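Visitor: Please see the structure below; I have some questions.
Read-outs throughout are calculated quantities, based only on the coordinates presented, and are distinct from any laboratory measurement. On a predicted model such as this, the values are computed, not experimentally measured, just so you know. No Cβ is skipped: glycine too gets one built from the backbone with ideal geometry, and neighbour counts run over all protein chains shown.
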Amino acid sequence: MTEETTEPLVRIRGLRKSFGTHLVLDGVDLDIRLGEVTVLLGPSGSGKSTLLRTINHLERPDAGFVQVGGGIIGYRYRNGRLHELGNRAITRQRARVGMVFQQFNLFPHLTVLDNIVEAPIAVHGVPRKQAAARARELLERVGLAGREGSYPRQLSGGQQQRVAIARALAMEPELLLFDEPTSALDPELVGEVLAVMKDLADSGMTMIVVTHEIGFAREVADTMVFLDGGRIIESGPPAEVLANPRHERARAFLAAVL
Ligand code: ADP
Ligand code: MG
């Protein structure tokens, strides 16, 4: 059958979020299919990070919902009504979604290996030996074989971000979120991180990537989504969105970053 009949991995409906009186997400609807890469673009303050953080339970929506793999993030149905989940259920759901931040957020006092094995051991109860073996595989995958004994401060920013990607992968996520993963890097280190992300995309990982790297978006994204003022104002294949943005705000933004 056609693509439309495939159940999306991520289904976002009517998502709203305010901070005080400031409406930050103003009714976001978005579907993401298994294996798809979605690049999220938009000016500073448009709600990109809040959208990612809501998908990963770091923010609680005021209205609407996010569903990942059929499970509703943050809520469950009981007697036909939505109820908030308890902390343990949230932890279980969050384990299915990996996140990579602009600032890497590695634990500075832990080695590369310990950064990667910490969550699988603590959250999934994976035996240490098995977690360490998997961590070594993942380090090889991100081009850092042999660096397991290093501390974050001994690595370049690009290497630290690749460790952060390995750490996210160690939880075997169904979905990976990237929030401006190369924005804190020196320009010469951006390419090595984007190459790892492209490799992941090619391997079929479902990803949502906030980035201003238009070249990456053009090459890797299946869908480009443009957020402005907490609303999606453009969405489609990158070639279409880039060649023919319909909204003036999207046109102005693209003219500035291209
Ligand atoms: P983007 O990632 O697109 O730059 P954000 O989602 O970070 O945008 O932020 C959208 C708006 O929400 C901004 O105006 C920001 O100041 C505000 N905001 C984000 N997080 C909070 C928070 N925890 N408390 C108050 N305001 C916030
Ligand atoms: Mg942001």
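Visitor: So, in segment 175-187, exactly how many residues are over 20 Å from residue 50 (Cα atoms) and in a loop (DSSP other than H, G, I, E, B)?
Guide: 2
Visitor: Determine, yes or no, whether residue 190 is under 29 Å from residue 113 (Cβ atoms), outside any loop (DSSP other than H, G, I, E, B) and out of contact with any Leu (no Cβ under 6 Å at 6 or more places or on another chain).
Guide: Judged against the criteria, residue 190 is a match.
Visitor: Looking only at segment 19-35, count every residue that is outside any strand (DSSP E or B) and either within 16 Å of ligand 2 (Cβ to nearest atom) or among the hydroxyl-bearing types (Ser, Thr, Tyr) (or both) and tell me the total.
Guide: 1
Visitor: Further question on the same structure: Of the residues 188, 219, 213, 248, which is over 20 Å from residue 12 (Cα atoms), of a type in the set (D, E, K, R) and surrounded by 14 or more Cβ atoms within 10 Å (Cβ to Cβ)?
Guide: Going through 188, 219, 213, 248 in turn, the sole match is 213.
Visitor: What number of residues in segment 105-116 are under 20 Å from the mean Cα position of the chain (by Cα) and not in a loop (DSSP other than H, G, I, E, B)?
Guide: Qualifying residue count, segment 105-116: 2.
Visitor: Looking at segment 23-51, which of its residues are more than 8 Å from ligand 1 (Cβ to nearest atom), in contact with a strand residue (DSSP E or B) (Cβ under 8 Å, 6 or more places away or on another chain), of a type in the set (A, V, I, L, M, F, W, C) and within 22 Å of residue 197 (Cβ to Cβ)?
Guide: Passing the criteria: 30, 32, 37, 39, 40, 41.
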